[in-house]
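Notes to accompany the following structure.
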Amino acid sequence: MAERAVFALVAEFNDAETLLDAVRRAREAGYTRFEAFSPFPIEGLKEALGFSEPWVPLATLLGGIAGAAIGFLMQVYTSLDYPIDIEGRPTVAPQAFMLITFELMVLGAVLTGVIVMLLRCGLPRLSHPLFDVPTFHLASLNRFFLVIETADPRFTGGTRRFLKGLGAVRVDAAPAPEGAA
Amino acid sequence: MASPKPKTPEGYAAVTREVTAIPLDFPQTRAWRLWFAAALALLASYIVSAWVLFVRGVGVWGNNIPDNWGIAISNYIWWIGIGHAGTLISAMLLLMQQHWRNSLNRFAEAMTLFAVVCGGLYPILHLGRPWRFYWIAPYPSTMRVWPQFQSPLTWDFFAVLTYLTVSLVFWYVGAIPDFASTRDRAKSRPAQVFYGLLALGWRGAGRHWARWRQAYRLCAAIAVPLVISVHSEISLLFAAGPIPGWTSTVFPPYFVLGAAFSGFAVVSMLATSLRRAFGLYDLVTPRHLDMLGRLTLASGMMTAYGYVADTFNALYSGEPQELETLHDRLFGPYAWCYWGAVVLNFAPLQLMWRGDLRRRPVVLFLVGLSVTVGMWLERYMLLFSSLFRDYLVSSWRNYRPSVWEWSLFAGSIGLFLTLFLLFIRLLPMISAFEIKEAGFEEKTEAAHG
């Protein structure tokens with residue numbers, strides 16, 4: 001079997017603090033296609049990665065507005081389309097419509113927010129080259145990983161040494177999926 | 001009495017192993033099978049009762065004018081109310097950064113989900129023609145009739161549907177990282193595939209965590225007002241009508257607090273039982289029991305205030321009908337459930353003032369059981385003491401649930417137990433990654449003073 005192409009270098013760290021430090025330094029070194037992996041969300045990792053995405057909160061807001069609008073207009077439309085006169089009470093009664101408006105706002109906000117979260121993360125994606133790294137399952141247990149892809153423009157033969165220098169306990173190569181370029 | 005605070009890699013691993021070992025290498029097979037057999041027997045009672053109902057119609061039940069609702073609706077309110085505590089523990093305490101919630105939130109949310117399923121089925125079964133339940137949804141039909149959106153019954157449909165969906169999404173999103181760690185610990189191929197599919201390929205990437213956190217916190221922030229809106233809406237099924245004993249503005253907060261109260265009681269029962277059954281003494285610590293006891297006590301005392309306010313309203317109104325309903329509640333044919341509710345809800349609850357008793361699982365369990373029964377009696381009392389004598393003396397009639405109503409109620413407990421037992425058998429019932437996160441954050445805080 002021929003030598004498989006390498007997708008990324010996977011550096012393993014013992015604790016979250018070293019990972020945070022390593023992420024900061026990888027970013028300072030100019031790497032762009034890198035990612036940190038941890039068994040739990042780490043305070044400060046977002047900033048270290050330079051992550052500032054508005055999509056999830058924005059989608060939640062817009063989903064909520066859309067849900068509320070649909071909820072309210074649905075009730076107005078149906079009341080006008082089939083008006084029922086109940087002792088002369090107003091056909092369009094916003095007070096009575098507020099509860100369904102609120103519920104559909106919640107539904108719209110939550111569903112849109114979560115769907116956009118999954119889409120932006122590229123999930124579901126059941127197969128990933130990193131799962132082929134024998135120690136990577138520890139990322140959900142107690143180990144911390146920094147992964148630099150070979151597709152990174154800054155990736156050189158020295159990247160492995162760079163990762164070692166950040167305090168990694170080991171550095172593995174993740175093979176590219178077969179058939180992929 | 002320290003809560004679990006893993007601060008080292010070994011500590012992190014121990015928490016995840018302890019949690020994921022339960023579904024992967026189930027420790028209590030024999031006891032679980034016995035419980036599951038009992039739950040299935042009750043579930044069979046549910047199916048038979050529903051079948052009899054469908055074949056013979058609502059006449060097999062004891063409800064009739066003026067008591068249209070029967071225990072179908074009082075059970076519905078009871079079940080949905082129990083569900084609310086799960087969302088409150090999970091969402092409200094997440095936003096307030098109460099880390100101790102992490103040992104309780106997963107199974108409390110599962111409880112929410114299953115309680116809402118049990119509750120939500122009741123109004124459908126209660127319809128005279130349950131196969132036409134979709135008529136309450138606004139869809140363009142050839143009849144050209146729309147639902148009447150000024151009626152609380154249509155609000156109910158949207159509230160429960162939204163609550164079920166949002167609870168499911170919130171619970172699932174919160175569990176994805178633990179599905180992933182269960183997948184990574186699984187040895188057998190079927191288990192790997194099962195948890196792998198549930199985990200959606202979660203890898204724990206930093207950017208994914210950041211988006212996940214945004215979504216999870218936003219869901220939590222939205223879920224808290226949702227809980228309040230759902231049970232307020234349910235109380236409006238009562239309060240929006242001109243029925244003595246119901247038409248009161250105290251009802252929405254009274255119902256929401258009673259719901260939280262009954263739910264905290266059930267969470268206490270589940271927490272003490274699971275802790276003992278699976279030896280989770282280092283994850284569900286005496287501190288957790290202490291906090292559950294406090295939550296139950298606080299929401300219980302607020303519910304007690306609701307009783308006082310409700311009585312005061314009736315006295316202050318001076319309406320003859322209101323006063324007569326109050327008299328019926330205190331001394332009439334339904335006095336047993338009024339006083340039963342008062343005693344079971346609030347008498348054993350007073351034990352919870354003492355810290356050493358809150359931390360004793362047996363005491364907490366028994367108080368929880370007493371409150372669960374007491375709140376059932378309260379829902380029963382609120383319904384029937386107001387309905388059995390309406391404005392027309394000619395239609396006065398006492399209500400007694402028929403055998404089929406009782407068997408359906410027993411069956412709904414079976415449905416809950418079946419779902420909950422499947423949950424603890426198959427899924428990680430404690431949020432391992434959040435316990436690790438809390439441990440790490442405490443370590444960092446200690447390091448930086």
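Every number in this text was worked out from the coordinates using simple rules, so none of it is lab data. Just so it is clear, the structure is predicted and the values come from calculations on it, not from any experiment. Note that we place each Cβ from the backbone using ideal geometry, even for glycine, and neighbour counts take in every protein chain shown.
List of remarks:
- FRET efficiency estimate (nearest 0.05) - Cβ-Cβ, A:THR135 to A:MET98, R0 41 angstrom: 0.15
- Modelled this way, with points 7 Å down the Cα-to-C-beta line, the labels at B:ALA298 and A:ASP85 are 5.3 nm from one another.
- Our compactness index for region B:106-257, the C-alpha radius of gyration over the empirical 2.2 N^0.38 Å, is 1.35.
- Chymotrypsin sites (Phe, Trp or Tyr not before Pro) within region B:244-331: DSSP coil, no more than 15 neighbouring Cβ in 10 Å: B:TYR281
- Unit charges on C-beta of K, R, D, E only; dipole of region B:9-448, Debye: 1300
- For region B:7-166, with +1 on Lys and Arg beta carbons and -1 on Asp and Glu, the positive-most of B:LEU153, B:GLN28, B:MET92 along the dipole: B:LEU153
- Residues B:CYS118, B:CYS337 arranged by fewest to most Cβ contacts within 10 Å: B:CYS337, B:CYS118
- Ranking of A:ASP172, A:ASP132, B:ASP356 by count of other Cβ atoms within 10 Å, fewest first: B:ASP356, A:ASP132, A:ASP172
- Those aspartates and glutamates that a straight Cα-Cα span of less than 16 Å connects to B:LYS443, excepting residues fewer than 8 apart in one chain: A:ASP15, A:GLU17, A:GLU43, B:GLU10, B:GLU434
- Listed residues A:ILE65, A:ILE84, A:ILE100, most fluctuating in chain A (Gaussian network, C-alpha, under 10 Å): A:ILE84
- Calculated [θ] (222 nm, deg cm²/dmol) that DSSP helices of n ≥ 4 give over chain A, each run adding -39,500 (n - 2.57): -14500 deg cm²/dmol
- Hydrodynamic analysis of chain A uses the Kirkwood radius over alpha carbon pairs. Inserted into Stokes-Einstein at 20 °C and 1.002 mPa s, it gives a translational diffusion coefficient of 107 µm²/s.
- Average partner coverage of A:107-117, which counts Cβ from other chains inside 10 Å: 6
- Charge dipole of chain B about the Cα centre (unit charges at C-beta), most positive-ward option of B:VAL117, B:VAL371, B:ILE77: B:VAL117
- For the protein assembly as shown, a simple Cβ point-charge model (Lys and Arg +1, Asp and Glu -1, everything else neutral) yields a dipole of about 1540 debye relative to the Cα centre.
- Spatial offset of region B:108-141 relative to region B:367-400 amounts to 22 Å, using the alpha carbon center of each.
- Segment B:ARG360-B:VAL373, length gained on full extension (0.36 nm per residue, minus Cα span): 2.6 nm
- FRET efficiency estimate (nearest 0.05) - Cβ-Cβ, B:ALA137 to B:ALA335, R0 45 angstrom: 0.65
- Ellipticity at 222 nm from helices only: DSSP H runs of n ≥ 4 in chain B, each -39500 (n - 2.57), divided by the residue count, give -24500 deg cm²/dmol.
- Convex hull volume per residue in cubic angstrom - Cα atoms of region A:55-121: 65
- Measuring max minus min along each principal axis, the C-alpha atoms of region B:1-147 give extents of 65, 39, 32 Å (largest first).
- Convex hull volume of chain B per residue (C-alpha atoms, cubic angstrom): 170
- Region B:172-220: mean projected area of Cα convex hull, nm²: 3.2
- Label reach from A:HIS128 (point 7 Å along Cα→C-beta): in region A:21-64, amide nitrogens under 13 Å belong to A:34-40.
- Convex hull volume per residue, computed on the Cα atoms of the protein assembly as shown, equals 186 Å³.
- The relative contact order of chain A comes to 50 percent, based on Cα pairs under 8 Å that sit 6 or more residues apart.
- Point-to-point label distance, B:GLU319-B:GLN350, nm (Cα→Cβ direction, 7 Å offset): 3.3
- Peptide B:216-228 has a mean of 4 when you count, residue by residue, the C-beta atoms of other protein chains within 10 Å of its C-beta.
- When only Cα pairs below 8 angstrom with a gap of at least 6 residues are kept, region B:9-448 shows a relative contact order of 32 percent.
- Using the average count of surrounding beta-carbon atoms within 10 Å as a protection proxy, the listed peptides B:322-329, A:106-113, B:29-36 rank, highest first, as A:106-113, B:322-329, B:29-36.
- Partner chain coverage, peptide B:150-160 - average Cβ within 10 angstrom: 4
- Efficiency of FRET from Cβ geometry, B:ARG30 and A:VAL169, R₀ 60 Å, rounded to 0.05: 0.90
- Of every Cα-Cα pair in region B:230-330, the percent that sits beyond 16 Å: 64
- Where labels lie 7 Å past Cα in the beta-carbon direction, separation of B:TRP406 and B:LEU197 in nm: 4.2
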